[in-house]
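Here is the structure we will look at, set down as C-alpha cells.
Nothing in this text is a laboratory measurement; each read-out follows from the coordinates by a stated rule. All values reported here derive from a predicted model rather than from experimental measurement. Neighbour counts run over all protein chains shown; Cβ positions are idealised from the backbone, glycine included.
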Amino acid sequence: MEQPFFILTDIEGTTTPKDFVFKILFPYFQENLSEVILNASKPSFQEGIKMVQATVLAEENRAIELEEVITYLSKWVKADRKHPGLKHLQGLVWENAYQSGQIKGQIYAEVPRQLAEWQKSGIGLGIYSSGSVKAQQLLFEYSEYGDLTKYFSAYFDTKVGHKRTQEAYAKISEELGVDPEKILFLSDIAEELDAAAACGYATCQVVRDDTTIPSSKHKQIANFTELSWQ
C-alpha cells in the first residue's frame, strides 16, 4: 500500500474495544438519564432534546414532552439507534464522567504509538464515528494513555452523513480538501468500507476478534502495526 496523505479511522472495534461502548458508555448514560432532565434548560441540552422531539413528530406525528424524551432516549440506546439527538446528549452526559475520572477512554495498546508514528511521517489523522464529535474528543482526551487529541486534526460524525453512504465520504474529502484516493479509511465494518471505496478511498478492514465479519473486498489487518507503506 502506498503511504496515504490522510488516515481516517472509525472508533468502535477499530481504535477502541466494542465492550467499552456497550458495557461502559451506554450503561452509564442509561443510569444517568436524570442529567438530561436536570440540565434541560441549558442550550446545549435543549439542542439534543429538540432533535428527539422533531424525530418523534416526523415519525409518529405527535409532540412529546421531556418525560417522554427520556423514554425514547432509553429505547434508542438499547436499539443502538444512530440518532443525532441521542448521540449529542450522550456526549454531554459522558463529559462529566470523563472529567471526574469515573470513565477513562479505552484504546487498543498499539494505537497511541502508531498515531504518533503516522503523524511524525507527515500523515494527517482524523476520526469518523457515529458518536458525536464531542464524544469522540472526550474519549481520546481522557484516554488511558493520556490526551491523544493532539494527533487528530479533524473529527466527523453523522452530521456529514451516515457511515454506509458514499456521499458522506465525498463530503469528508471535500471538507478536508484532500482527494479521495489519498485518504485511507480504517474500520471493522465492511459496509462502511464499501461506501468509502465507492468514493475512491483506499480501505483496510481492522479485524481484531471474531465479532467482526471479514470482507474479501478489503485488505485486512489485526491491528495498526500491520499497516506498512511502499
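Per-structure values
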item: Stokes-Einstein D for the chain, Kirkwood Rh over Cα pairs, 20 °C, 1.002 mPa s (µm²/s); result: 117
item: Vicinal HN-Hα couplings computed from phi for the stretch 140-145 (Karplus, 6.51 cos²θ - 1.76 cosθ + 1.60; Hz; Gly/Pro x); result: 7, 5, 10, 7, 5, 9
item: The stretch 144-224: GluC sites (Glu not before Pro) falling in loop per DSSP and having at most 16 other Cβ within 10 Å; result: 144
item: Note, ³J(HN,Hα) from phi for the stretch 65-80, Karplus 6.51, -1.76, 1.60, rounded to Hz, x at Gly and Pro; result: 9, 4, 4, 6, 4, 4, 4, 5, 4, 4, 5, 5, 4, 4, 8, 6
item: Within the chain, helix-based [θ] at 222 nm, where runs of 4 or more DSSP H residues each add -39,500 (n - 2.57), nearest 500; result: -13000 deg cm²/dmol
item: Net charge contributed by nearby residues that have their C-beta within less than 11 Å of residue 30 (K/R +1, D/E -1); result: +1
item: Whole-number D in µm²/s for the stretch 1-104 (Stokes-Einstein; Kirkwood sum over Cα pairs; 37 °C, 0.692 mPa s); result: 218
item: Amide proton proximity set for residue 7, modelled H, under 5 Å, gap of 5+; result: 124, 125, 126, 184
item: Nearest 10 degrees, 0 to 90: helix 111-120 Cα axis against the chain principal axis; result: 60
item: Label-point gap, in nm, between residue 110 and residue 78 - each point 7 angstrom along Cα→Cβ; result: 3.9
item: Degrees, to the nearest 10: 166-176 long Cα axis against longest axis of the chain; result: 80
item: Theoretical FRET efficiency, 1/(1+(r/R0)^6), r = Cβ-Cβ of residue 121 and residue 47, R0 41 Å, to 0.05; result: 0.60
item: Likely footprinting exposure, 1, 51, fewest C-beta neighbours within 10 Å first; result: 1, 51
item: Which of 104, 163 has the fewest Cβ neighbours within 10 Å, and the rest in rising order; result: 104, 163
item: Shape of the stretch 99-230, Cα gyration tensor, a/c cut at 1.5; result: rounded
item: Inter-site label distance for residue 141 and residue 198 at 7 Å from Cα along Cβ, in nm; result: 3.5
item: ³J(HN,Hα), Karplus 6.51/-1.76/1.60, whole Hz, each residue of the stretch 94-110, x for Gly, Pro; result: 5, 4, 4, 5, 5, 5, 8, x, 5, 10, 10, x, 8, 10, 4, 4, 7
item: Relative contact order for the stretch 1-158, counting Cα pairs under 8 Å that sit 6 or more residues apart, in percent; result: 29
item: Residue 154-residue 60 FRET efficiency (beta carbon distance; Förster radius 30 Å; 0.05 resolution); result: 0.25
item: Under 5 Å, built H, 5+ apart or other chain: amide partners of residue 107; result: 144
item: Neighbourhood net charge (11 Å Cβ-Cβ; Lys/Arg +1, Asp/Glu -1) for residue 225; result: -2
item: Separation of the residue 2 and residue 100 label points, Cα + 7 Å toward Cβ, nm; result: 5.1
